1. Here is a check on your reading of the model: is Thr176 in contact (Cβ under 8 Å) with a residue 24 or more places away in the chain, touching a Pro at 6+ places or on another chain (Cβ under 9 Å) and among the hydroxyl-bearing types (Ser, Thr, Tyr)?
2. Could you tell me how many of the residues in the stretch 136-150 are charged (D, E, K, R) and open to solvent by 30 Å² or more (accessible area, probe 1.4 Å)?
3. Looking at Met310, Met275, can you tell me which residue is of a type in the set (A, V, I, L, M, F, W, C) and assigned to a loop (DSSP other than H, G, I, E, B)?
4. Take the stretch 257-272 and flag every residue that is outside any loop (DSSP other than H, G, I, E, B), in contact (Cβ under 8 Å) with a residue 40 or more places away in the chain and surrounded by fewer than 17 Cβ atoms within 10 Å (Cβ to Cβ).
5. List the helices (runs of 4 or more DSSP H) inside the stretch 317-436, counting only whole elements, that have at least 3 residues being touching a residue at least 40 places away in the same chain (Cβ under 8 Å) and closer than 23 Å to Asn109 by Cα.
6. Please go through the stretch 55-101 and give me each residue that is surrounded by fewer than 17 Cβ atoms within 10 Å (Cβ to Cβ), at pLDDT 95 or above and either under 26 Å from the mean Cα position of the chain (by Cα) or in a helix (DSSP H, G or I) (or both), ordered by number.
7. Looking at (1) part of a helix (DSSP H, G or I); (2) aliphatic (A, V, I, L, M); (3) modelled with pLDDT of 50 or more, which is the only condition Ala10 fails?
8. Against the conditions (1) more than 22 Å from Phe312 (Cα to Cα); (2) out of contact with any Gly (no Cβ under 7 Å at 6 or more places or on another chain); (3) surrounded by fewer than 18 Cβ atoms within 10 Å (Cβ to Cβ); (4) not acidic (Asp, Glu), where does Phe166 fall short? Just the number, please.
Amino acid sequence: MKIRKRSAAAIAVVLCLSLLAGCSGGDKKSGASSKEDGRTTLTFWCHDNEPWVKAYKEMAKKFEEANSEYKVEVQEYPYEVYNDKIQTALTSSTSGPDVIAVWGGMAPNFIKSDALSEVPADLSKEMDEDYMEPTVGIYQKDGKYYGVPMEFNLEYGGMIVNKKLFDEAGISYPETWEELRGTSKEVSEQNGDIVEVKGFEMIDTDALICNYLAMILQQGGQYLQDDDSVNFATPEGIAAMNEILSMVKDGECDLENLTADEYCYNDVYQDKGYMSSVGSWAIGEGTDSYDLTYGEDFEYVKVPQYGEKMAFASETGWGIIVPENGKNKDAAWEFVKFFSQPENLVQHNIACNQLPPRKSLLDSEEYKEAMPNVTFLLDILPSGQWMGPYNTSDMRDIFNQTFIDLCQSDDPDVEGALKEASEKITKECQIGYSMD
């Protein structure tokens, strides 16, 4: 998950306020490090997701209690301006924040410009040994790490289901792909070109490509070639695309969420849909944003597997970076190391409804006890591969537009469209530096 949607008016207000704050050299939020009461003050930047900010502050407090020589100030900013603020801080001749929470998709821009401090050897060794491949992929350059994962980002494997609608219809949750498609067709309701009640949905900006790649891999196929180029125009890629296109053709769902840049789970929470593929983070949207009750109004269950073997692709999610121009790099890395300790990281993952990035946490009883609704995802995490050395935001845009064009075509050339999209993604979205 990258960010929850906000109203346009709210975004406009916080955008103006944030930009004004960022331009004020004497403002507290300038990110300058300082000595206070004999302690070194570290500034930690993050985006303004309320539960996450609370968790970051708890981690800062815990670090201060264990290290009395430090103070950590957590400063949050609207996601809509966050990337630009980081870019400005990293390229400034004066130091800005000491530690930054960053979405994996942002990291290549900063790594490419040599603006980040290299992960210390001891922590780098832990990343090699204990972190799962998709979580570290984007933070590498020339065999070195420039960021540390906080989570395993997963937009495949689970789905929000509307328990009330299933109970009223007297049907059970599907357990196989065939049952999924059958149930989806049975419960969906279409009025002309409008699907008024959705069956199974996976057509939004996050879920579409993640499910599509999983469907290729589960057939035993592969979209990443030996030279890291992309090829969707394989038998497995064509079959997967035809399967997804048939969901729209059969009236089980539509393009509404994809074209509006909204998440499909909103339909489920609004009683306009039965099932929606989404990451486990969306559970909190149901309980918090919609004031629904888990176990009564909705539940989170497995997405039935499409192919014979479990496999999926995941992009690198949220992590922590340390600017190269920071005044307190050694102290900053001490904080990151503390944050990354399994006993601390698992508490952060629980607080933020995240999946753990470390292999050693897959058997964590603390996590399983606190997160019983998502523990089934822990079993599939080792089956994931990194999505690849690509700007995944741009990759999504190209793929999603290809899908829209195919849906709107009277005589779609699936193989040709996938070949064209593959070539465009390979040419325009690859990270321009060596990972090894």
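The values are calculated or read from the model by the stated rules, or taken from the named source; none is laboratory data. For clarity, every value in this text was computed on a predicted model and none was experimentally measured. Counting neighbours? That spans all protein chains shown, and the Cβs are built from the backbone with ideal geometry, glycine included. Only protein heavy atoms, including side chains, enter the accessible area calculation; ligands, DNA and RNA are left aside. Shrake-Rupley method; radii C 1.70, N 1.55, O 1.52, S 1.80 Å.
1. Considered against the rule, which asks whether it is in contact (Cβ under 8 Å) with a residue 24 or more places away in the chain, touching a Pro at 6+ places or on another chain (Cβ under 9 Å) and among the hydroxyl-bearing types (Ser, Thr, Tyr), Thr176 comes out as yes.
2. Qualifying residue count for the region: 2.
3. Met310
4. Just the residues of the stretch 257-272 that are outside any loop (DSSP other than H, G, I, E, B), to begin with: 257-260, 265-269.
Now narrow it down to the ones that are in contact (Cβ under 8 Å) with a residue 40 or more places away in the chain: 257-259, 265, 267-269.
Residue satisfying the conditions is Thr259 alone.
5. Passing ranges, in order: 329-340, 392-408, 414-429.
6. Lys57, Glu58, Lys61, Lys62, Glu64, Glu65, Ala66
7. Here Ala10 meets the rest and fails (3).
8. Phe166 satisfies all of (1) more than 22 Å from Phe312 (Cα to Cα); (2) out of contact with any Gly (no Cβ under 7 Å at 6 or more places or on another chain); (3) surrounded by fewer than 18 Cβ atoms within 10 Å (Cβ to Cβ); (4) not acidic (Asp, Glu) except (3).
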